[in-house]
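Notes to accompany the following structure.
The values are calculated or read from the model by the stated rules, or taken from the named source; none is laboratory data. This one's a predicted model, so the numbers in the text were calculated from it and none came from an experiment. For neighbour counting, all protein chains shown are included, and Cβ atoms are generated from backbone atoms with ideal geometry for every residue, glycine included. What goes into the accessible areas is simple: the full protein's heavy atoms, side chains included, and nothing from ligands, DNA or RNA. Shrake-Rupley method; radii C 1.70, N 1.55, O 1.52, S 1.80 Å.
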Amino acid sequence: MSKGKTENNHEARRCWMGVLARASVDDLEQHWMREGEGVDYAFLRPPETGLVMTQGRADGTGQRFNLGEMTVTRCAVRLSDGMIGHAYVKGRDRRHAELAAAFDALLQTSSAGEDIQARVIRPLADKFDRAREARSRKAAATKVDFYTMVRGEDTA
Amino acid sequence: MYVAVKGGEKAIENAHRYLAEERRGDPAIEELSLKQITEQLSHAVSRVMAEGSLFDRELAALAIKQARGDLIEAIFLIRAYRTTLPRFGYSAPINTADMALDRRVSATFKDLPGGQILGPTFDYTHRLLDFALAAEGLEAEQAKEAEEAVDEDVPRVLELLNKEGLIEAAVPGESDESSSVGDLTREPLEFPAGRDVRLQNLARGDEGFILSLGYSTQRGYARNHAFVGEIRIGHVAVEFVPEELGFAIEIGDILVSECETVNQFQGSKKVPAQFTRGYGLAFGHCERKVIAMALVDRALRADELGEEKSAPVQDEEFVLSHSDNIQATGFVEHIKLPHYVDFQSELELVRRLRANALRTQTTLEAAE
């Protein structure tokens, strides 16, 4: 496999792993009821909760420093065909990490990958984007419009 | 003395049962749920996450409930809990320029790309008690939504000054590896401390202590005249490189508050006059904390900037050794615990000194 192809695969996988990490466990559970039927997997690493130390940068772009830790749960599964899935997700929900790892494995298979991408990842990503957009529009409604004040003075 | 220690067991057990009952309060009143705390006491949750130095809303809520709202006690519980978990590693540095903004304001420029976004702020409220909130079951007010979301690309305010070379640059430095960063959870505090260790210390430091020190800089102790260049509050993605994958993945988003200050600097023979920077960053929605943190960070840069050190806030040993409220409360509160033996020896010493003094006096009087 060429280097470019590997990077593309990494980028695609990075994307869906981000979507799975941000999804709610309820949504993952519902998707798994449909997509996971008959899928067999075993734990390579059962769900485990630990800490990731988050870092920031002084002045936003300068020297690194340790900001504080966050809880993270990880999991690794192997499908019966040997495909391995990994998950690292914020928080302590073991089932979330398990389902994210199982979907990660399925998404790498040629048989189910594209379908899962279309039926699970895209809807989850859209749902997240819509929620983020709605929140952002609330913030945007609080934007100060100084020009209005200036115009007011002009007409006075 | 020995008897007192032995006899405490039953009393302690009963005290804990009494505490549990008092924590619950009147059982006729509905019990507080963790969801209620995370949703409706979000600033308390933010503070416990920032100073507990652990981003986990539900754990913070549990700690607040268990501590009956005593936030320092809750922070203590969080600090103790984190020691039970393995460390998976360090994240990539979060990129606050890519923040999904709830709020972004600048006190230095009125009109700036991206605009002034007030967000869900207490500012401009009249600080009058709202008795409507005392009535339960009222329909909550809905936020207004603009047609358009906040611009995707909201540049850093201080970059505008940087472009003109009017402010010191903020660059990573020579060694930019996560392993080269000081970590107070792994190594004890040593002096002189680097800015990395100072910022970690302040990010988890007590809000009240840092607020007071920050205030002291404004009142003339280590005057460095700060302007708030920019405040940002919102969600940022956390990236992590799992060893087994070898590439960075996003593991979720965290809410952070950030403050960048613009401060005076006279310049020197070598460097023309240039603004300097102070920086505050912490978990959660905690604007007061990060403004104060930026003031203290800037004051602690006195050595680096060749400033005369005359105020407590510039003394890094003083500031960093006393900012941690868990260490502070541990030491301050421990004096309430049994010190019977210590005190007995002091008591005997005072008795002996007094007896000696009396004897000397009697002898002197007899001599006269």
Seminar exercise, completed: For the stretch A:56-82 the residues that are at least 40 Å² less accessible with all protein chains than alone, 1.4 Å probe, are A:Arg57, A:Asp59, A:Gly60, A:Thr61, A:Gln63, A:Arg64, A:Phe65, A:Asn66, A:Leu67, A:Glu69, A:Met70, A:Thr71
For this session: Rounded to the nearest 10 degrees, what's the angle between the helix A:3-22 long axis and the longest principal axis of chain A, both from Cα atoms, 0 to 90?
Result: 70
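Placing unit charges on C-beta atoms (Lys and Arg positive, Asp and Glu negative, everything else neutral), compute the dipole magnitude of the protein assembly as shown about its Cα centre in debye, rounded to 20.
Numbers: 65 positive and 86 negative charges, 159 e Å.
For the protein assembly as shown, the charge dipole is close to 760 debye.
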Exercise. Considering the zone a paramagnetic label at B:Lys163 would reach in this model (a point 7 Å from Cα along the Cα-to-Cβ line), which residues of the stretch B:100-139 have amide N under 12 Å from it?
Worked result: B:112-114
For this session: Could you work out how far helix A:146-155 tilts from the main Cα principal axis of chain A, as a 0 to 90 degree angle to the nearest 10?
Result: 20
For this session: Using +1 at the Cβ of each Lys and Arg and -1 at the Cβ of each Asp and Glu in chain A, identify which of A:Gly38, A:Ala100, A:Val120 lies farthest towards the dipole's positive end.
Result: A:Ala100
Exercise. log10 I(q)/I(0), Debye, Cα-only the stretch B:1-135, no solvent, q = 0.12, 0.16 Å⁻¹?
Worked result: -0.77, -1.10
Exercise. How big is the stretch B:113-216 by Rg and Dmax over its Cα atoms, in Å?
Worked result: 21.3, 58
Problem set entry | Distance in nm between pseudo-label sites at B:Phe343 and B:Glu190 (7 Å out along the Cβ direction from Cα) | 4.0
Seminar exercise, completed: Computed curve, the stretch A:3-155, Cα-only Debye sum without solvent term, log₁₀ I(q)/I(0) at 0.14, 0.16 Å⁻¹, is -0.80, -0.96
For this session: Please report, in debye to the nearest 20, how large the charge dipole of the stretch A:3-155 is about its Cα centre when each Lys and Arg carries +1 at its beta carbon and each Asp and Glu carries -1 there.
Result: 360
For this session: Give me the Debye-computed log₁₀ of I(q)/I(0) at q = 0.06, 0.09 Å⁻¹ for chain B, equal point scatterers on Cα only, no solvent, two decimals.
Result: -0.33, -0.67
For this session: Can you quote the Å³ per residue value for the convex hull of the Cα atoms in the stretch B:267-368, rounded to an integer?
Result: 209
Exercise. Where in the stretch B:56-71 does the label zone of B:Glu31 land, with the point 7 angstrom along Cα→C-beta and an amide N cut-off under 20 Å?
Worked result: B:58-70
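Taking 22 Å as R0, compute the FRET efficiency from the Cβ-Cβ separation of B:His225 and B:Lys309 and round it to 0.05. Show your work: numbers first, answer last.
On the way: r = 17 Å, r/R0 = 0.77.
Working from the Cβ atoms, E equals 0.85.
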For this session: Could you estimate the translational diffusion coefficient of the protein assembly as shown from the Stokes-Einstein equation, with Rh from the Kirkwood formula over C-alpha pairs, at 37 °C and 0.692 mPa s, in whole µm²/s?
Result: 124
Exercise. Roughly what would the spin-label model give for B:Lys336 and B:Lys10, points 7 Å off Cα along C-beta, in nm?
Worked result: 2.4
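Kindly report the accessible area of the stretch B:10-82 per residue (heavy atoms of protein chains, probe 1.4 Å, no ligands, DNA or RNA), in Å².
Details: 4330 Å² over 73 residues.
I get 59 Å² per residue for the stretch B:10-82.
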Seminar exercise, completed: For the protein assembly as shown, the accessible surface attributable to carbon and sulfur atoms (probe 1.4 angstrom, ligands and nucleic acids excluded) amounts in percent to 53
Exercise. About its Cα centre, how strong a charge dipole does chain B have in debye, to the nearest 20, once Lys and Arg get +1 and Asp and Glu get -1 at the Cβ?
Worked result: 1500
Seminar exercise, completed: Farthest towards the positive end of the dipole of chain B, among B:Ile72, B:Ile94, B:Ser310 and with Cβ unit charges of +1 on Lys and Arg and -1 on Asp and Glu, lies the Cα of B:Ser310
Exercise. What nm distance separates the two modelled labels at A:Asn9 and B:Arg24, each placed 7 Å from Cα along Cα→Cβ?
Worked result: 5.7
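Please compute how much accessible surface disappears when B pairs with A, both sides summed, using a 1.4 Å probe, and round it to the nearest 100 Å². Write out the running numbers ahead of the final one.
Values: alone 24830 and 11050 Å², together 29630 Å².
Roughly 6300 Å² of accessible surface disappears when B and A pair.
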Exercise. On average, how much accessible surface per residue is there in chain A, in Å², for a 1.4 Å probe, leaving out ligands, DNA and RNA?
Worked result: 50
Problem set entry | Cβ-based charge dipole, chain B, positive-most Cα from B:Val332, B:Ala237, B:Leu112 | B:Val332
For this session: Determine the residues within the stretch B:163-177 where the difference in accessible area between the chain on its own and the full set of protein chains amounts to at least 30 Å²; count protein heavy atoms only and use a 1.4 Å probe.
Result: B:Ala170, B:Pro172, B:Asp176
Exercise. Roughly what angle does helix B:207-218 make with the longest principal axis of chain B, taking Cα atoms, 0 to 90 degrees, to the nearest 10?
Worked result: 70
